[in-house]
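A short worksheet on the structure shown next.
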């Protein structure tokens, strides 16, 4: 797995101050993507133990609210396999911090069902994520007034409540909060 950037003080991609990892590799190629250089699976730096240590160290301060995964596409199979050990470690070391993940894949039809996005670690990855922002960026639906997303088709999903309820539950802090069966 490769990554384009580690942001240690991100206030745009989830609530509070966060550490954000921009992974490389994306097959969606959304029109108007804000980060098209990360479509290339070998863009940036190889993800190593040193990069993981850098992320863990950046998460240590109390004022850091959590980790955000974006890219590129964190839910591409190769990236899921690379991210799983990091997510396990983050949840063990910092159980009070949240993990957000931005994906162009749709939870019900692509991450929870047979699709090109699913692999042997998808379910475990989803169990570590607190909020999943799903759906491709759609330039024609771009809305800069939306909180933590770029287009109105994207949803902020509370993954803990979703997995417990067996239906998609949107993040309660989002003004568009509601439930959807899957």
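Here are some notes:
- DSSP-defined antiparallel bridges as percent of all bridges, the range 2-181, nearest 5: 55 percent
- Within the chain, helix-based [θ] at 222 nm, where runs of 4 or more DSSP H residues each add -39,500 (n - 2.57), nearest 500: -7000 deg cm²/dmol
- As a rough guide to protection, the peptides 17-26, 79-88, 55-64 ranked by mean Cβ packing within 10 Å, highest first, stand as 17-26, 79-88, 55-64.
- Read-out mean projected area of the Cα convex hull in nm², derived from the coordinates shown; its label in [x] 12.8; [y] 16.4; [z] 9.6: [z]
- Largest-first principal axis extents of the Cα set of the range 56-142 (Å): 37, 33, 18
- Choice from 49, 167, 73 showing the highest fluctuation, given a GNM over the chain with Cα pairs closer than 10 Å: 49
- Gaussian network model of the chain, springs between alpha carbon atoms under 10 Å - residue of 129, 11, 144 with greatest fluctuation: 144
- Antiparallel bridge percentage (DSSP; both residues within the range 86-182; nearest 5): 75 percent
Readers should treat all values here as calculations from the given coordinates under stated rules, not as data from a laboratory. Values in this document were obtained by computation on a predicted structure and should not be read as measured data. No Cβ is skipped: glycine too gets one built from the backbone with ideal geometry, and neighbour counts run over all protein chains shown.
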